1. If only one of Glu112, Glu69 is within 15 Å of Ala13 (Cβ to Cβ) and either surrounded by fewer than 16 Cβ atoms within 10 Å (Cβ to Cβ) or touching a Gly at 6+ places or on another chain (Cβ under 7 Å) (or both), which one is it?
2. Could we say that Met1 is more than 12 Å from Gly114 (Cβ to Cβ) and either of a type in the set (Val, Ile, Thr) or in a helix (DSSP H, G or I) (or both) here?
3. Starting from residues that are without any contact (Cβ under 8 Å) to a residue 40 or more places away in the chain and of a type in the set (S, T, N, Q), keep the ones in the stretch 54-86 and report whichever is farthest from Glu18 (Cα to Cα).
4. Check whether at least one residue in the stretch 115-131 is over 15 Å from Val37 (Cβ atoms) and surrounded by 17 or more Cβ atoms within 10 Å (Cβ to Cβ), and report yes or no.
5. Among the candidates Asp30, Asp41, Asp8, which residue alone is surrounded by 15 or more Cβ atoms within 10 Å (Cβ to Cβ) and of a type outside the set (Gly, Ala, Ser)?
6. Any residue that is part of a loop (DSSP other than H, G, I, E, B) and charged (D, E, K, R) - is there at least one of those in the stretch 101-111?
Amino acid sequence: MVKKSVKDMVAQAESEIEALSVGDVQALVDDPNVQIVDIRDVRELWRDGTIPGALHAPRGMLEFWVDPESPYHKPEFSSGKKYVFFCAMGWRSALATKAMQDMGLAPVAHIEGGFSAWKEAGSDIQPVERPGK
C-alpha cells in the first residue's frame, strides 16, 4: 500500500519551492540570466512543442545532468542562471524543482500549471520536429 500519495508529495514540494505564474515566466523568457527547462518526455515535445528557448532535460536524467560529479553532467546546469522547470501540468516539475533545490541547485522555480497553463494563456510555442521527419 502507498504510504504517501503523489498528490501529497506534490503539495509538500509546492510548499517548499518557488512557483511562478505564466505571466511571471513570460517576462523572463528573454532574460539571459534565466534558463527555462522542459522536463517532459521528448514525445510530448514532438506532439505539443515547447516554450521558445527552453532547454530539454528529460525528467529521468535531470539529477544526473545537474550533478557536476556525474559522468552525464551538462555544463548548462553550471551556468549560475535561475532555472525554471516545467512539465505538462506542473506536477512533475514541482517534484523536480524540489529535488534540484535539495541537490543545491539555486535559484530554482517551476511554472504553476505547467505547459498546459502556458498554452491556455496563448503564449508563444516553439515547434519541436521529430528527427527523421
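1. So the residue among Glu112, Glu69 that is within 15 Å of Ala13 (Cβ to Cβ) and either surrounded by fewer than 16 Cβ atoms within 10 Å (Cβ to Cβ) or touching a Gly at 6+ places or on another chain (Cβ under 7 Å) (or both) is Glu112.
2. Numbers: more than 12 Å from Gly114 (Cβ to Cβ): yes; either of a type in the set (Val, Ile, Thr) or in a helix (DSSP H, G or I) (or both): no.
Taking the combined requirement at face value, the residue does not satisfy it.
3. Ser70
4. Yes, the conditions are met somewhere in the stretch 115-131.
5. Asp41
6. Among the residues of the stretch 101-111, not one is part of a loop (DSSP other than H, G, I, E, B) and charged (D, E, K, R), which makes the answer no.
Bear in mind these aren't lab numbers, they're just calculated from the coordinates by the rules spelled out. This one's a predicted model, so the numbers in the text were calculated from it and none came from an experiment. Quick reminder, even Gly has a Cβ in these numbers, built from the backbone with ideal geometry, and neighbours come from all protein chains shown.
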